[in-house]
Structure formats: C-alpha cells, structure tokens
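First up is the structure itself, then whatever we jot down about it.
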2 protein chains.
Amino acid sequence: MNRPARPPAGLRERKKAQTRRTIQEQALRLFLDQGYDNTTVGQIARAADVSSMTFFRHFPTKESVVESDDYDPLVVRLIEQRPPEETPLAALRHALQEGLAGVYATDREALFVRTRLILTTPALRARLWENQHATEEMLTTALAARCGQEPALRLRVTAAAALAALTAALTVWVEGDGEAHLPALVEEAFAALRP
Amino acid sequence: MNRPARPPAGLRERKKAQTRRTIQEQALRLFLDQGYDNTTVGQIARAADVSSMTFFRHFPTKESVVESDDYDPLVVRLIEQRPPEETPLAALRHALQEGLAGVYATDREALFVRTRLILTTPALRARLWENQHATEEMLTTALAARCGQEPALRLRVTAAAALAALTAALTVWVEGDGEAHLPALVEEAFAALRP
DNA sequence: ATAACTAAAGTTAGTGACTAACACGGAGTG
DNA sequence: CACTCCGTGTTAGTCACTAACTTTAGTTAT
C-alpha cells in the first residue's frame, strides 16, 4: 500500500522523476499554446532542456505524454468495495461517479483542459479509445471477480457501455465549455442505459 | 440512385479504379502474410507496381487501406425504415442486425479475416475507434431524425452503447476463431443492455 | 489525325516520429 | 578511492507522409 509522497529515495531517481515531470509540463504547455500537431518532439525536448532521445526514454510516444491512467486501479478498487447485491451496471455507475467526484472536486480546471485537448485532437482521441479498451478489460475482470461469474460477453458489453456513457458525458461537458455539472451529466448518461 | 455496376465510364477512370483495387489487394495480402507493422508502404507500392506517392494519392494513410465504411449509409437507411414506435435501442439493434445479415451471408470469410486483422493490430484498432466515433454521430443523428427529438445526450449514449455491443460481439467472434454464429452473439450482446 | 488540354502517375527532396548502437559522466556501492 | 551502473547525449538510420515539379497518357477539339 505505497501511498504517494514516497521518501526522496536517492538523488538519481529524484532527478529522473524531475526530468519526466518537466517534459510533461512543457509538452502540455506547448500543446495548449500552439496545438498538438504544430508541436514537435524536438521543441518539447528543447523546452525541457533535454535531448530528443531523452523524451522517448520517458514516454514511448508523443501521444503518451498526455495520458494519466492513474484512474484505472482506483476504479477497480472502488468496484470491489461495492455491495455485492448491486447489479454490475449500478456498481460501475457508482464506482465511476465516486472516482470522478474526487478529481472533479479538486482538479476540475485541469481535467477540463486536458479532456478538451484530447477530444479535439484526432491522434489523442484515437489513443483514448485504445486506453478505453484496456480499461474495459480491467473493469470486466473486476466485475467478474465481484459476483463470481466468469468474464462473459454480457459483462464486457456492460463495461463497454458504461465507458461509452462516461465518454459521452465528458464530450457534452467539453462541448458546453465545462459549464454544466459533470456528475449530473454522467448520471443522465447512465440513465439512458436503463430504458 | 446509382447502383454499383456503373457503365465503364471512360478508360482513365477505369484504370484509376483498377490501380486503387490492386493497391488494396496487395496491401491486404502483405498484411496477412507478414503482419501490418512489418509491411512498409514501399513494399505495397512495389507489389502493386506503382510508386509510393501513388499509394498516398489513393489512400490518405497506411491504415485507411483496410477500412471499408460502406456500412454507415446502409445502416442509416435501415434505421429510417424501422417502425417509429420502436425504442431507439431496438431500432438500432434491428438495423445493425439486418445490415450485418447481408455481409454475414455472403462474405463471412472476408469479414472474419479483415476483422481479426483490425482487432489484433493496435494501429488499426485505434483507427477503428475513431471510425466508430464518426459512426456514432451518424447514428445519433439518424435516431434523432426518426422520432423528432434533437440529438441529446441520451441518444448519443444509446448509439455508443449499441456500437460497443456490436464490437464486443465481433471481438468474441474473432476470439472464438469465427466458429460461433455471429448474429446470435450480437443478439446476446444487446441483451446485456436491457437488464 | 494531330494538336491542345488535363488528370494520373513519377521524381525528388524534404519533415517528423521513432529506433539502435555506442560513448560519456556522474550517482551509487564496497 | 576505485568500480559499476544508469540516465543521458550523439549519430545515423527507417518509415510514414507532404510539397513542388515533371512526365506520361487519356480525352477533346480542330
């Protein structure tokens, strides 16, 4: 159970982490300033004061700088904690809402900017779907473990539909310039799944 | 209402269409032979006896050779023909099933090979999601037009969920080496959306 | 039929994402 | 203090894709 705020743990590692953070910050700044496609890896590297190679040592692709993907394990944990009598879909809905609530309360602005960047950049959007597929598999497994079933087609569909609902809500949220209440949008999106 | 089988319509156009077809055939052959990532555009061009530039004159990206996307307009037409008293989800289910039935009856083997190639190649899978997003918008619009509503969040979620169900069914179909009855899988996938 | 028009295809020379191979230098360890 | 390792820089590539220009060949008009 290693919570964040790990002790300094060695100068070398700290420097590495620092480099990584700097690259990511500069990348996001440049992407927002001049657009994703108009920004080259070389520019990012120069802004972070490293060589282009170092960029790829920390991030396998240009797209991967934008991702976070710290949510998946959190949501899986939340699913495990849902009462077992809940339907899979309800468990997913509550777990996703809980997970979102935290981010929404503390980092709403950052979430908005990042989401808009992703949804308006084709290359990043494509990457997003790929990640969703991985997330879908994790959710399916978590759901299957919860009620003893094996990960069948139906659970897969449920997980995929839940993620589709979440994405649709995020899309509408961004299209409305972030003025709507995101949790309410998510709730409405999930409502469309129980006709 | 130009049905296929258009008259020859000029030597130049025919030659162009022929070149395009050759490129696509050779590309698919090479992809299946040696894998997508191990095949370069230059190889495809050489196999089709054209220059690399010509490849990009016919297909904007290497990924786009694999797509067909002739389904979207067909499905939209099928949606418009569904009886108006059907729920949006039911209309989608029937339209997608009808559209699939045609391909499944005549081109099952080709559908299987192409689907497996896409689902097992990360770059193509990413592209698939992108296309699904476009499809989702068309379906949402079609659904909205059907029952006079405006394209709200709920319809978007419905369309996205339906596509997720279809994709899940296709995935399971491919994982089972194409031995299952695809329409039945689709039916089961949609069943998961009515709990 | 031949000349004039035009669109498809080739050629060349790039950019940018990403990789492999090797060298350097400072952080970790005895 | 020496020795090892690991993060980084350098160089030289490959491959997808683009732009500018030329060549070739189908089409059209004289």
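Side notes on the structure shown:
- What the pair-distance distribution of the range A:134-188 shows, using all Cα-Cα distances binned every 5 Å from zero, is 4, 21, 22, 15, 14, 12, 8, 3, 0 percent.
- Estimated from helical segments only, the mean residue ellipticity of chain A at 222 nm is -24000 deg cm²/dmol, where each DSSP H run of four or more residues counts as -39500 (n - 2.57).
- Screening chain A for whole DSSP H helices with an alpha carbon extent of at least 27 angstrom along the helix axis and a mean Kyte-Doolittle hydropathy of at least -0.5 yields A:88-120, A:122-146, A:153-175.
- Averaged over peptide B:97-110, the number of partner chain Cβ atoms lying within 10 Å of each residue's Cβ comes to 0.
- The range B:111-164, relative contact order in percent, only Cα pairs under 8 angstrom and at least six apart counted: 28
- On association of chains B and A, roughly 2500 Å² of accessible area becomes buried (total for both chains; probe 1.4 Å).
- For the range B:38-69 versus the range A:116-195, the spacing of their alpha-carbon centroids is 34 Å.
- Residue-normalised accessible area of the protein assembly as shown, given per residue in Å² at a 1.4 Å probe: 54
- For the range A:135-166, accessible area lost to neighbouring protein chains reaches 20 Å² or more, against the chain alone with a 1.4 Å probe, at A:LEU153, A:ARG154, A:ARG156, A:VAL157, A:ALA160, A:ALA161, A:ALA164.
- In chain A, Cα pairs under 8 Å separated by at least six residues give a relative contact order of 16 percent.
- Per residue, the convex hull spanned by the Cα atoms of the range A:79-124 measures out at 89 cubic angstrom.
- Sorted from nearest, the other copies put their B:ARG194 label points 1.7 nm away, the label point being 7 Å from Cα in the direction of Cβ.
- Charge dipole (debye, nearest 20) of the range B:75-195; +1 at Cβ of Lys and Arg, -1 at Cβ of Asp and Glu: 240
- Label-to-label distance, B:ALA180 versus A:GLN18, with points set 7 angstrom from Cα along the beta-carbon direction: 5.3 nm.
- Each Lys and Arg adds +1 at its Cβ and each Asp and Glu adds -1 at its Cβ; summed about the Cα centre, the range B:11-60 shows a dipole of about 380 debye.
- Translational D in µm²/s for the protein assembly as shown (Stokes-Einstein at 10 °C, 1.306 mPa s, Kirkwood Rh from C-alpha pairs): 68
- Per-selection Rg to Rh, the range A:71-191 - Cα, Kirkwood hydrodynamic radius: 0.97
- Its alpha carbons considered, the range B:11-60 gives a radius of gyration followed by a Dmax of 10.7, 35 Å.
- Using the alpha-carbon positions of the range B:1-123, Rg (one decimal) and Dmax (whole number) come out as 17.8, 55 Å.
- In chain B, the beta carbon lying closest to the axis that superposes B onto A belongs to the residue given here with its whole-angstrom distance, B:TRP129, 1.
- Springs between Cα atoms under 10 Å define the GNM used for chain B, and in it the highest mean-square fluctuation of B:THR19, B:THR120, B:THR106 occurs at B:THR106.
- The local environment of A:ARG116, defined by Cβ-Cβ distances under 10 Å, has a net charge of -1 under the rule Lys, Arg +1 and Asp, Glu -1.
- For the protein assembly as shown, the Cβ-based charge dipole about the Cα centre amounts to some 1220 debye (Lys, Arg positive; Asp, Glu negative; other atoms uncharged).
The values are calculated or read from the model by the stated rules, or taken from the named source; none is laboratory data. As the structure is a computational prediction, the values presented were derived from the model and not from experiment. Note that each Cβ is placed from the backbone with ideal geometry, even for glycine, and that neighbours are counted across all protein chains shown. Side chains are part of the model used for accessible areas, which takes the heavy atoms of the whole protein and leaves out ligands, DNA and RNA. Shrake-Rupley method; radii C 1.70, N 1.55, O 1.52, S 1.80 Å.
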